[in-house]
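Have a look at the structure below before the remarks.
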Amino acid sequence: MSTDGPRLAVKVRELRRREGVTQARMAARLGVSASYLNLIENGRRPLTAQLLLKLAQEFQVDLREFAADDSEALAQDLAEAFGDPMFDAFELKAADVRELAAASPSVGRAITSMYDALRASRQTVAQLRGVIERARAGGVGVDDEVIGAPDTSPSEEVSAMLQRHLNYFPEVEEAAETLWKVWRLEPQSLYRGLTRHLMEAHRVLVKLVPAHVLGRAVVRRFDRARSVLMLSEVLPPRSRNFQLAHQIALLSYGDVIDRIVKDAQLVHDGARGLARVVLANYFAGAVLQPYQPFLEAAEEVRYDIEMLGHKFATSFEQVCHRLTTLRRPGAEGVAFHMVRVDIAGNISKRFSGSGIRFARYSGACPRWNVYNAFLTPAMMRVQISEMPEGQRYFCVSRTVVRHSGGYLQPSSLHAIGLGCRMEEAGRLVYSEGVDLGSRPVPIGVTCTLCPRTDCEQRAFPASTSPLLVDEDVRGASVYAVER
């Protein structure tokens, strides 16, 4: 048995460079000649299953790194970056971009990193220009206004980490299952069990306190000096349990989280700290919705989100999050993608288990039904959509409201989108009564990457074709004209 392909050749080369070893030293550890390893790295010899296992043993590599093909995702990021008007003169082709991503992913990631820095610099220059113009107009002095630091996008690094792991962390799942087993937790008295764990394992006292004591928008505060965990009394029971489990993740299983965040691709300040928070939230979701019982319940009710929320006493958003993590080998659920957006169109959470692509540098396609959810609050919306390349998805969306307290207290409104490949749509209760063979809604990743020039919602010209404006012809938009 052998595993061939240029993709694996690139991954072997990247692994060797990451480990800082020569071809001769790596070849010696693998029991092959340096010349044979050179042929493997150049795609001229296959990487056999035996050598793949030897690599995993010698260099403590997760085999999922070799299974995952992230070249297409990198190609999409590069295509989006090269869609910037500054590259128009180079007339780059899609095939060139895909070839770069497949043959030299390190170079590709370096380019996207440089483009990130360029965008941040542009933002800073725009801020400075605005301050200077206001100063000249006599409004404020330059020293009176703080210029925001460039966005180094730690959230982008964490999103990429989740995508590399397919949003499934077996070590965290095992930790959550250990907590249930060792502390004999019971679903009907989960709050009591979690507070007992904090007291007996860490001498931490849990207190429910008035919202004004914690301060505006603060729902949990851990006083390390006094060993007191304070929770806002405005939190519903499900959120109290979630916050308790989050704190237990940091106190009892911090070593598990630390091992995961020692990721070479988490390089910016704040990325590791954000990753710890994300993984603690993952642990909390796994505690409230244990893997095997949750998977069995999901299959039984055909992924009815509200029914799962009732059964596990969790929110709509918590259930959606958990559904994206059901990737345990041999016990997998539907492969979902999930996105959370606000009413201004900002994407605050995203993960793709279905293979759908999200824009990195610009807004998503307005035809996605997650944006239409704001038109019908609290109502589930269903959409069959098709990408330009022909991939079809079955998507559901609904708004969610998070309240911060009593009367006239601030609340947030978001829309959650959850979707899967059309082949799996029949497993979802939401497909009942829907003609799965009906004409899909044409969508794209973002305007600049979408070749559909006749779209009435197009906001920008496509980077794949020149901008042609005919003043004698008015299409659905200024960029949608007959060609």
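Computed quantities for the displayed model
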| item | result |
| --- | --- |
| Odd one out for E65, checked against (1) at pLDDT 75 or above; (2) charged (D, E, K, R); (3) surrounded by 15 or more Cβ atoms within 10 Å (Cβ to Cβ) | (1) |
| Which numbered condition F316 misses (of (1) crowded, with 17+ Cβ neighbours inside 10 Å; (2) farther than 23 Å from R421 by Cβ; (3) in contact (Cβ under 8 Å) with a residue 40 or more places away in the chain) | (2) |
| Qualifying residue in segment 208-226 (condition: in contact with an Asp or Glu (Cβ under 7 Å, 6 or more places away or on another chain), in a helix (DSSP H, G or I) and at pLDDT 95 or above) | no |
| Test for L179: is it out of contact with any Lys or Arg (no Cβ under 8 Å at 6 or more places or on another chain), crowded, with 20+ Cβ neighbours inside 10 Å, modelled with pLDDT under 95 and not in a loop (DSSP other than H, G, I, E, B) | no |
| Index of the failed condition, V21 passing every other in (1) modelled with pLDDT of 75 or more; (2) surrounded by fewer than 19 Cβ atoms within 10 Å (Cβ to Cβ); (3) among the hydrophobic types (A, V, I, L, M, F, W, C); (4) in contact with a Ser or Thr (Cβ under 7 Å, 6 or more places away or on another chain) | (4) |
| Tally of residues being in contact with a strand residue (DSSP E or B) (Cβ under 8 Å, 6 or more places away or on another chain) and under 23 Å from H197 (Cα atoms) across segment 278-315 | 2 |
| Among residues of segment 359-371, those that are buried (at least 19 other Cβ atoms within 10 Å of the Cβ) and either touching a residue at least 60 places away in the same chain (Cβ under 8 Å) or not in a helix (DSSP H, G or I) (or both), counted | 6 |
| Residue match in segment 365-377 (condition: at pLDDT 90 or above, aliphatic (A, V, I, L, M) and touching a helix residue (DSSP H, G or I) at 6+ places or on another chain (Cβ under 9 Å)) | no |
| Subset of segment 79-99 (residues that are part of a helix (DSSP H, G or I) and over 24 Å from the mean Cα position of the chain (by Cα)) | P85, M86, F87, D88, A89, F90, A94, A95, D96, E99 |
| Set V204, V172: member being under 32 Å from the mean Cα position of the chain (by Cα) and of a type in the set (A, V, I, L, M) | V172 |
| Residue check for V172: in a strand (DSSP E or B) and of a type in the set (V, I, T) | no |
| Residue satisfying all of: in segment 412-433; more than 11 Å from H337 (Cβ to Cβ) and of a type in the set (A, V, I, L, M, F, W, C); surrounded by the most Cβ atoms within 10 Å (Cβ to Cβ) among these | A415 |
| One residue from G273, G353 being of a type in the set (G, A, S) and either surrounded by 19 or more Cβ atoms within 10 Å (Cβ to Cβ) or touching a Ser or Thr at 6+ places or on another chain (Cβ under 6 Å) (or both) | G353 |
| C455 being closer than 21 Å to V339 by Cβ and not assigned by TED's automatic domain parsing to the domain that holds A359 | yes |
| Selected residue (only one of N346, N281 is under 15 Å from the mean Cα position of the chain (by Cα) and over 23 Å from R164 (Cβ atoms)) | N346 |
| From F294, F358, residue being modelled with pLDDT of 95 or more, of a type outside the set (S, T, Y) and in contact with a Lys or Arg (Cβ under 9 Å, 6 or more places away or on another chain) | F294 |
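The values are calculated or read from the model by the stated rules, or taken from the named source; none is laboratory data. Nothing here was measured: the structure is a model prediction, and the numbers come from that model. We place every Cβ from the backbone using ideal geometry, glycine too, and count neighbours over all the protein chains shown.
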